[in-house]
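The values are calculated or read from the model by the stated rules, or taken from the named source; none is laboratory data. Because the structure is predicted, anything quoted here is derived from the model rather than measured. A quick note on method: Cβ atoms are made from the backbone with ideal geometry, for glycine too, and the neighbour counts reach across all protein chains shown. Surface areas here come from the heavy atoms of the whole protein model, side chains and all, with no ligands, DNA or RNA. Shrake-Rupley method; radii C 1.70, N 1.55, O 1.52, S 1.80 Å.
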Amino acid sequence: MSSPAEYYNSLPPISKAYGTLCFLTTVLCQLQILSPSFLYLYYPFVFKRFQIWRLFTTFFFLGKFSINFGIRLLMIARYGVQLEKGPFDKRTADFLWMMIFGAISLLALSAIPFLKIYNLAVPMVSMLLYVWSREYPNSQISMYGLVQLRSFYLPWAMLGLDVIFGSEILPGLLGILVGHMYYFFSVLHPLATGRNYLKTPMRTLRSDQPTTLDQGRSVEGATD
C-alpha cells in the first residue's frame, strides 16, 4: 500500500494543484490568517477598489473544516483525479481549459443579479462532478453505504443532500448548468455535427476528429 506522500505525488497536476490550493485556503482561514470576506467575489470591490484577486480566490474557499468541506475536497480527489487520469489522460491542457471555461462561465453567471453568489468554489466542484457523471454514466455509486445509484444521477443526489442539510441550492445548480454547457459544446455537439466550438486554444487539431473526443470514448456514454 502506498504512503500518503506517494499517493499525493501520483496525482495528476491540475487536480492536485486545485485540491491543494483549496485545502491551504481553508487552513489559512481556520488559523485566522485570512478572512473569508477577503476572498469572496464582490463585483463592486473588484471594479471600484480594484481588488482583482477576488476573481481568483473565490474558487479556492470550500468553507472551514466541516463535513461539507471534507466531501467537496474528496470530490476533487476522486472525481477530478479520475477525469484527469481517464478521459483527459495525456490532455492536461484540455483539462485546464475545461476549468478555465468553468471559471469564466461562473463569473459571468454570478454577475446576473438573481444568480449572484459570492463563493464559486462549490459550483466549480459541482461542475467537475457533473462532467465526471457524464463520462462515467453507468458506474454504480454507494451513497454513504445506504443507497446504490448510477453515477449519472450523482450530481442531482448531492444537490438533494444540500437541500436536506440546509445548504443553498443555487451553487450546486450553477455548477451543474456550467458542467452541462461544457459537455454539450465539447462532446455532444461535436458528436452530432463534427464541429467543436470549445477546442483548447493553440492546440493542433487532428483533421478528422474534434479535440475533446478520445478514441476510447463511446457514443453511448456521451449521449446517455
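Computed from Cα positions, the angle between helix 121-135 and the longest principal axis of the chain comes to roughly 20 degrees. Ranked from largest to smallest solvent-accessible area, with a 1.4 Å probe on the protein heavy atoms, Arg134, Arg78 come out as Arg78, Arg134. Calculated accessible area for the range 4-193 comes out at 50 Å² per residue, all protein chains present (probe 1.4 Å; ligands, DNA, RNA ignored). I'd like the orientation of helix 92-110 relative to the chain: the angle between its Cα long axis and the longest Cα principal axis, in ° from 0 to 90, rounded to 10. The answer is roughly 50 degrees. Please state the shape class of the range 4-193: rounded when a/c is under 1.5, otherwise prolate if a/b exceeds b/c and oblate if not, all from the C-alpha gyration tensor. It is rounded, given that a/c, with a ≥ b ≥ c, falls under 1.5. Rolling a 1.4 angstrom probe over the chain with all protein chains present gives an accessible area of which 67% lies on carbon and sulfur atoms. Whole-Hz Karplus values for the range 10-19 come out as 7, 5, x, x, 6, 4, 5, 5, 5, x Hz, taken residue by residue from phi with 6.51 cos²θ - 1.76 cosθ + 1.60 and θ = phi - 60°; glycine and proline positions read x.
Contact order for the chain, expressed relative to its length and based on alpha carbon pairs under 8 Å spaced 6+ residues apart, stands at 17 percent. Axis of helix 170-183 versus longest Cα principal axis of the chain: the two differ by about 30°, to the nearest ten degrees.
Using only DSSP helix segments of four residues or longer, with each worth -39500 (n - 2.57), what per-residue ellipticity at 222 nm results for the chain after dividing by its residue count and rounding to 500? After summing the helix terms and dividing by residue count, I get -15500 deg cm²/dmol. Ranked by the mean number of other Cβ atoms within 10 Å per residue, highest first, peptides 83-96, 31-44 order as 83-96, 31-44. Remark: the range 36-49, residue by residue, has Karplus-estimated 3J(HN,Hα) of x, 5, 7, 9, 5, 7, 9, 4, x, 6, 5, 8, 8, 10 Hz, where x stands for each Gly or Pro and the curve is 6.51 cos²θ - 1.76 cosθ + 1.60 at θ = phi - 60°. Magnitude of the charge dipole for the range 4-193, about its Cα centre and with charges confined to Cβ atoms of Lys, Arg (+1) and Asp, Glu (-1), is about 300 debye.
Dipole orientation for the chain: of the candidates Phe101, Phe88, Asn138, Phe101 has the Cα lying most toward the positive pole (charges on Cβ; Lys, Arg +1; Asp, Glu -1).
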